[in-house]
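The values are calculated or read from the model by the stated rules, or taken from the named source; none is laboratory data. Keep in mind the model is a prediction, meaning the values are calculated, not measured. Cβ atoms come from the backbone with ideal geometry, glycine included; neighbour counts cover every protein chain shown. Surface accessibility is based on the protein's heavy atoms, side chains included, excluding ligands, DNA and RNA. Shrake-Rupley method; radii C 1.70, N 1.55, O 1.52, S 1.80 Å.
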Amino acid sequence: MPSTFDTVANIISETCDIPRDTIKPESHAINDLGIDSLDFLDIAFAIDKAFGIKMPLEQWTQEVNDGKATTEQYFQLNNLCTRIDELVAAKGA
Amino acid sequence: MRLEYFQLIDRIVDLDLAQQTIRTEARVPDASTIFEGHFPGHPLMPGVLLIEAMAQTSGWLVIAVTKFSRMPFFAALKEAKLRSFVPPGQDLSLSAKLLHEGSGYAVTKADICCEGKLTCNAEITFRLVEFPNAEFRANMEKMAAVLEFPMESLAHG
């Protein structure tokens, strides 16, 4: 079974036509990979479907806009994968 | 259909919140200045307007599913197929199904049939945002009444 990171990286690679080997756990989706908000909707759709979750993007964006969180907390891929794992675990709880 | 007001559907004929589907109807007008250019001597409903009609149908479904808490704005279109020509005066039967309601976005699959035949279809992505202001929302509620949007269904869905 692929890791959360591998699944997310494959989704990003296929959705945004980014070479898979350039996508690292420490990559920032926006700052390093240049993914814009529209492409991120496609990625979010694929992630939501793949993991059977609903990533709370509105809440995350609000927290960033309010200065309560940094973009790294949600959009650096290793952190994003941790959030996804938490959502999957919460779903099964 | 009132092309000059960008109203591409005439009425909502079915809204199923359990199945997350909607059906609407529209009649392409017999005459419009649009047909003078598209095309002279061979009037056809522009494909982009058929896509907009599918987007409006999908949009009302999203508004219903989110219980009028979010306004859907057209963000992306995939796999759009315009399968046959649509002339003035044509009756359209439109339908949409919600594929996914995400946080701040939604994805639908929509199609249009003419006389029982699939005429066009697409997958549409919307950004969902709060209504920009009270006036905007009031205008959407007025339009909902024009389209016979079943407001009572929101209380039971």
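Quick notes on this structure:
- Chain A: most fluctuating residue of A:ILE35, A:ILE23, A:ILE11 per GNM, C-alpha cutoff 10 Å: A:ILE35
- A:GLN76 long-range amide H proximity, modeled H, under 5 Å: A:ALA29
- Dipole magnitude (debye, nearest 20) for the stretch B:45-120, charges at Cβ of Lys, Arg, Asp, Glu: 200 debye
- Residues of the stretch B:120-155 buried by at least 40 Å² on assembly (accessible area, 1.4 Å probe, chain alone as reference): B:ARG127
- Cα-based shape type of chain B, given that a ≥ b ≥ c are square roots of the gyration tensor eigenvalues and the cut on a/c is 1.5: prolate
- Distance between the C-alpha centres of the stretch B:11-83 and the stretch B:111-129: 7 Å, rounded to the whole angstrom.
- Computed over chain A: relative contact order in percent, which uses C-alpha pairs under 8 Å that are six or more apart: 34 percent
- Electrostatic tally near B:ALA80: other residues with Cβ closer than 12 Å to its Cβ, Lys and Arg +1, Asp and Glu -1, net 0.
- Area buried, chain B against chain A - accessible surface, total, 1.4 angstrom probe, square angstrom: 1200 Å²
- Surface share of carbon and sulfur [accessible, 1.4 angstrom probe, percent] for the stretch B:3-142: 52 percent
- Excluding ligands, DNA and RNA, the accessible surface per residue across the protein assembly as shown is 51 Å² with a 1.4 Å probe.
- Net charge of neighbours whose Cβ lies under 9 Å from the Cβ of B:LEU147, counting Lys and Arg as +1 and Asp and Glu as -1: -1
- In a reduced charge model with +1 at each Lys and Arg Cβ and -1 at each Asp and Glu Cβ, the protein assembly as shown shows a dipole moment near 420 debye about its Cα centre.
- Checking the cross-link pairs B:LYS117/B:LYS142; A:LYS68/B:LYS67; B:LYS81/B:LYS142; A:LYS24/B:LYS109; A:LYS54/B:LYS97 against a 25 Å limit on the alpha carbon distance flags B:LYS117/B:LYS142; A:LYS68/B:LYS67; B:LYS81/B:LYS142; A:LYS24/B:LYS109 as lying beyond it.
- The value of relative contact order for the stretch B:3-142, using C-alpha pairs under 8 Å at least six residues apart, is 25 percent.
- Rounded percent of accessible protein surface that carbon and sulfur make up, the stretch A:1-81, 1.4 Å probe: 48 percent
- GNM top mover of B:ILE34, B:ILE22, B:ILE12 - chain B, alpha-carbon springs below 10 Å: B:ILE34
- Sites B:ALA155 and B:ASN133, calculated FRET efficiency, Cβ-Cβ separation with R0 25 Å, nearest 0.05: 0.50
- Around the Cα centre of chain B, unit charges on the Cβ atoms of Lys, Arg, Asp and Glu (plus for the first two, minus for the last two) sum to a dipole of about 360 debye.
- Against chain B, whose longest principal axis is taken from its Cα atoms, helix B:134-146 shows a tilt of about 60°.
- With a cut-off of 12 Å between beta carbons, the residues surrounding B:ILE12 carry a summed charge of -3, where Lys and Arg count +1 and Asp and Glu -1.
- Residue-averaged beta-carbon neighbours from other chains (10 angstrom radius) around B:7-16: 0
- For the protein assembly as shown, the residue among A:LEU38, A:LEU77, B:PRO29 whose Cα projects farthest onto the positive side of the dipole built from Cβ charges is B:PRO29.
- Residue among B:ASP16, B:ASP30, B:ASP91 with the largest mean-square fluctuation in a Gaussian network model of chain B, springs linking Cα atoms under 10 Å: B:ASP30
- With 20 Å² as the minimum drop in accessible area between chain alone and full protein complex (1.4 Å probe), the qualifying residues in the stretch A:31-46 are A:SER37, A:LEU38, A:LEU41, A:ASP42, A:PHE45.
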